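Visitor: Once you've had a glance at the structure underneath, I'll fire off some questions.
Please treat every number below as a calculation from the coordinates, not as lab data. As the structure is a computational prediction, the values presented were derived from the model and not from experiment. Here Cβ is always computed from backbone atoms with ideal geometry, including for glycine, and neighbour counts include all displayed protein chains.
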Amino acid sequence: MTPPKIQTWLSHSGPKLEVFIPFLGKYHRPVSGRCCQTCTPRSWDGFYPEDLAALGFRDVSRVTEADTRFRGWLVRRVCGFLAAWEWKIPAETPGELLVRICSSKRVQGAASGPDPGSEGDEGSRQRWKEKICQILGEIQAPLSPLLLRLCHWLLPKFLTRLFLSVQLHRGQLEMVLRAARTPEVPLVFLCSYQSQVDGLLLSFILLSQGIGLPRVAVGAWTSPRLRCLLQRLGGIFLPSGSELDEGLPGAVLDAYVQEVLRSRQPLVLFLEEPPTALWLAEPARRWLLRLLRALRDAAVPDVLLVPVGIAYDVAPGRMEQDGAPPQPLGIGTCLQAAFQALRRRRGCAQVDFSQPFSLREFVNNNLVRPVLTENRPEQLLLPTILGRRPLDVGNVGTLSPSLGTEEEILVTALGLHALSDSRACSAIMAVGITAALLLHRHREVVLLPQLMRDFSELLEQLLLRGCAVGFSGQLRALVGHSLRQLQPPLAPHLLGPPRAALGPPEALARARLGWLAGGVRHHLAGEAVGACAIRALLLEVLPILGHPSSLTRIVLSRDELLRKILELLQLLPPTLLGLQPCQPPDCHSLDILDKLILGGLLEEEEPENERWGCDVAPRRFLWGHSLGSFSDDSDNDSEHGVPKQCYKLSEPQGFPGFLLFLCRLLSPILQTYCRAVEFLEQPPWPQPEADYVEALLEFLAEDEDGYPDRSLALSSLRSFKDMGVLEELQTPTGPLLLLSQPFQSASNREKLGAFIHQFTQL
């Protein structure tokens, strides 16, 4: 992809400013959002011809005369009403749906068991039919065409007041429309959670662009009145009951999903649940399980899955709830939030559709399962932390008991892969780039001209890596727009003239800036892991060799660098780093090393006698050999004829300090993990998980340099459970968290803290 052209622009006031020409036109759109070529190779060639990248964008929040079949002056005044009136809304007859669900074999089998219909007489059949009707009422309600048209007529007015624009790529839309025309194959849209308006926005886009009125899965944090309203607008909910997977509620849900797929109504599923992002939610697992069962029962020949990425400059509603426990939503709460959001525009939004891929092909290949069923970090990383043996990723252990049955493993594999694809196709926004620079590059006061230069340099690095961005325009306007969106309490204080400058952010602002910079961190996460591994190696060698005049004199061993990368990959969950779960950690480590070389951060170098070396033991690295099979035998190199590979540090041209910037990208995560280790000494054990999380958030907020983010706190909890630092104790009142036996020792907790601290920024 050709990088954006840079030219010098002379303003009327005198000073020269750099301006980049808009790059989101016909020729500079990077090809992004492709499906996984490893898991779904046949889907790679479908629905994504190269000519789609040249179709440009449109603002879907502005309904115009072109969206109706009428023309004229009057049409332009009422085009929104005319367009909403013409949109096709399917009319589902509740009686027919109930009959079809009652005739399902799975529902009949569940009803003929020890449930209401076990006696087989007329009265019992009537009772289980009423029970089925009650469960179906919890899932959905009859659609209200009038209410739907009214809502979708008002939504564009709301969106234009809320956002400057809502961009949608015409090529991606054409790709989805082509997929929707596939005979007898329904579409299911899988989306990561970003904001409370995600469901309304996606529903409006799918209906207004001719894809169809979707059924949108809604979370459980809603009041009964709001739930009833959302059901009339196309929202669907999981039924209540403890036997959701195996009892009558589960059977009715299976039959309902199969009927929705047969009718080819689009289905929208959210993979995350507020406010705990970065992890596959339990409701999403249950919806995905229904898709797999529908495919297994041959209810449909196939299902096309479309990962969806939604990017906001500042997500409405997200910043207010980030770090707070989930609260039930009601109609009054939603109206109050809407009025608060309308007080000022939240910048721009962009919706990206990834390439559709076949669920049947994904299930048949099932390449993610071997990766998920390898040894857990408890078996691999814990001995390394405690100093018992070095990291060995060559041993593939038995099935992890926490993953469950074969069906549950496949659901986890599908969900993690879709979550990775959804985040990968999301665009990077201008506010995200500015937040990343303020948080990770400038710890002190920064002048606006310097911030603008850094914005241009970071943007160029992202474009050279094929990342899609959701903005275009003049550099000065983009940075000014970002700073306006980051006004108090988020932005640092704006210092006065003569040359405007920004002061360092406060503690609360750092946590929120860290969330806004998540898009940049996601797209550079692989290289950030490699940069932190380099930092860990430097931490080992510098106390021995002393500080040289230049870090470029230090030579890094490929073997030791790969080992450090693997250690960090074992510590952090793949969803936190945006890595595809179909590749094992050793493949990810090789890919990260390649990115460091291609990005100009490492240069291959043959070590010389006068060079500073991080490793003096000759070791080999051969594809197909696990890192755990490395021995200390110095004859290995001569035996196989493979010279030891080494690298020296470098800096990409135009962005000095890029390696340090990459290290700091992971600082919110690693500092949260370090503080979580310190927190292990404080709680009374055992205790419920919810109490542990709330106490940990309070502990993180006490640190002036901390990041009290709920998602990161939960991520540290999951990592500690997977590593064996924390255990679950089953009690009659529920599971309780307990420190495992090795980490009841203060020395072992210190070893854990030192292991994590070695990867923190320089």
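Visitor: What number does the range 43-365 give for Rg over Rh if you use C-alpha atoms and the Kirkwood radius? Let's see the in-between values first.
Guide: Details: Rg = 20.4 Å, Rh = 21.0 Å.
Rg/Rh for the range 43-365 comes to 0.98.
Visitor: Holding the Cα-Cα limit at 27 Å, pick out from 644/751; 721/751; 564/648; 564/595; 595/721 the pairs that are longer than that. Don't skip to the answer; put the middle values down first.
Guide: Working: 644/751 30 Å; 721/751 17 Å; 564/648 16 Å; 564/595 16 Å; 595/721 31 Å.
From the list (644/751; 721/751; 564/648; 564/595; 595/721), the Cα-Cα distance tops 27 Å for 644/751; 595/721.
Visitor: I need 707, 48 ordered by Cβ neighbour count within 10 Å, fewest first. Walk me through the intermediate numbers first.
Guide: Values: 707 25, 48 21.
Ordered from fewest to most neighbouring Cβ atoms within 10 Å, 707, 48 come out as 48, 707.
Visitor: I'd like to compare 168-178, 662-672: which one has the highest average count of other Cβ atoms within 10 Å, and what's the full order after that? Mind showing how you got there, number by number?
Guide: Values: 168-178: 19.9, 662-672: 24.5.
The most tightly packed comes first, giving 662-672, 168-178.
Visitor: Can you give me the distance in nm between label points at residue 64 and residue 262, each placed 7 Å from the Cα along the Cα-to-Cβ direction?
Guide: Distance between the two pseudo-spin positions: 4.3 nm.
Visitor: What are the ³J(HN,Hα) couplings of the range 206-212, residue after residue, when phi is run through the Karplus curve with 6.51, -1.76, 1.60 and θ = phi - 60°? Round to Hz, x for glycine and proline.
Guide: Running phi through 6.51 cos²θ - 1.76 cosθ + 1.60 with θ = phi - 60° gives 5, 6, 6, 9, x, 7, x Hz.
Visitor: Express in nm, to one decimal, how much length is gained between residue 282 and residue 154 on full extension, taking 0.36 nm for each residue of separation and deducting their alpha carbon distance. Numbers along the way, then the final one.
Guide: Numbers: separation 128, 0.36 × 128 = 46.08 nm, distance 3.27 nm.
Working it through step by step, the gained length comes to 42.8 nm.
Visitor: What order do you get for 135, 565, 597 when you list them from fewest to most C-beta neighbours inside 10 Å?
Guide: Details: 135 22, 565 27, 597 15.
So the ranking, lowest neighbour count to highest, is 597, 135, 565.
Visitor: Label the range 668-757 by shape, choosing from rounded, prolate and oblate, from the square roots a ≥ b ≥ c of the eigenvalues of the Cα gyration tensor; if a/c is under 1.5 it is rounded, and otherwise prolate applies when a/b is larger than b/c, oblate when it is not.
Guide: Working: a/c = 1.86, a/b = 1.24, b/c = 1.49.
Oblate is the answer for the range 668-757, as a/c is 1.5 or above yet b/c matches or exceeds a/b.
Visitor: Output ³J(HN,Hα) for the range 341-351: one whole-Hz value per residue in order, computed from phi by the Karplus curve 6.51 cos²θ - 1.76 cosθ + 1.60 with θ = phi - 60°, and x for Gly and Pro.
Guide: Calculated HN-Hα couplings, in order: 5, 7, 5, 8, 6, 9, x, 10, 9, 9, 10 Hz.
Visitor: Okay, next question. Given contacts defined as C-alpha pairs under 8 Å and at least six residues apart, what's the relative contact order of the range 668-757, whole-number percent? Intermediate values should be presented prior to the final figure.
Guide: Values: 91 pairs, mean separation 32.7, N = 90.
Here the relative contact order equals 36 percent.
Visitor: Taking the mean number of other Cβ atoms within 10 Å as a proxy for protection, how do you rank 300-311, 687-698 from highest to lowest?
Guide: 300-311, 687-698
Visitor: How much FRET efficiency would the formula 1/(1 + (r/R0)^6) give for residue 703 and residue 297, where r is the Cβ-Cβ distance and R0 is 60 Å, rounded to 0.05?
Guide: 0.70
Visitor: Only bridges whose two residues both fall in the range 43-365 count here: according to DSSP, what percent of them are antiparallel, nearest 5?
Guide: Working: 11 of 29 bridges.
If I count the DSSP bridges inside the range 43-365, around 40 percent turn out antiparallel.
Visitor: Estimate the FRET efficiency between residue 170 and residue 38 by the formula 1/(1 + (r/R0)^6), using the beta-carbon distance for r and 35 Å for R0, to the nearest 0.05. Intermediate values should be presented prior to the final figure.
Guide: Values: r = 29 Å, r/R0 = 0.82.
For residue 170 and residue 38, the calculated efficiency is 0.75.
Visitor: Got a sec to turn the phi values of the range 526-535 into Karplus ³J(HN,Hα) couplings, 6.51 cos²θ - 1.76 cosθ + 1.60 with θ = phi - 60°, whole Hz, x for Gly and Pro?
Guide: Karplus values, whole Hz, x for Gly and Pro: x, 5, 5, 4, x, 5, 5, 5, 4, 4.
Visitor: Say a paramagnetic label sat at a point 7 Å from the Cα of residue 105, along Cα to Cβ; which residues of the range 276-315 have their backbone N under 18 Å from it?
Guide: 290-302
Visitor: Something else about it: Counting other C-beta atoms within 10 Å, which of 457, 272 has the fewest, and how do the rest follow?
Guide: On the way: 457 19, 272 24.
Lowest count first: 457, 272.
Visitor: Given labels modelled 7 Å from the Cα in the Cβ direction, how far is it in nm from residue 750 to residue 464?
Guide: So the label points at residue 750 and residue 464 sit 4.4 nm apart.
Visitor: Per q in 0.10, 0.16 1/Å, what log10 I(q)/I(0) does a Debye calculation on the alpha-carbon atoms of the range 181-313 return?
Guide: -0.31, -0.83
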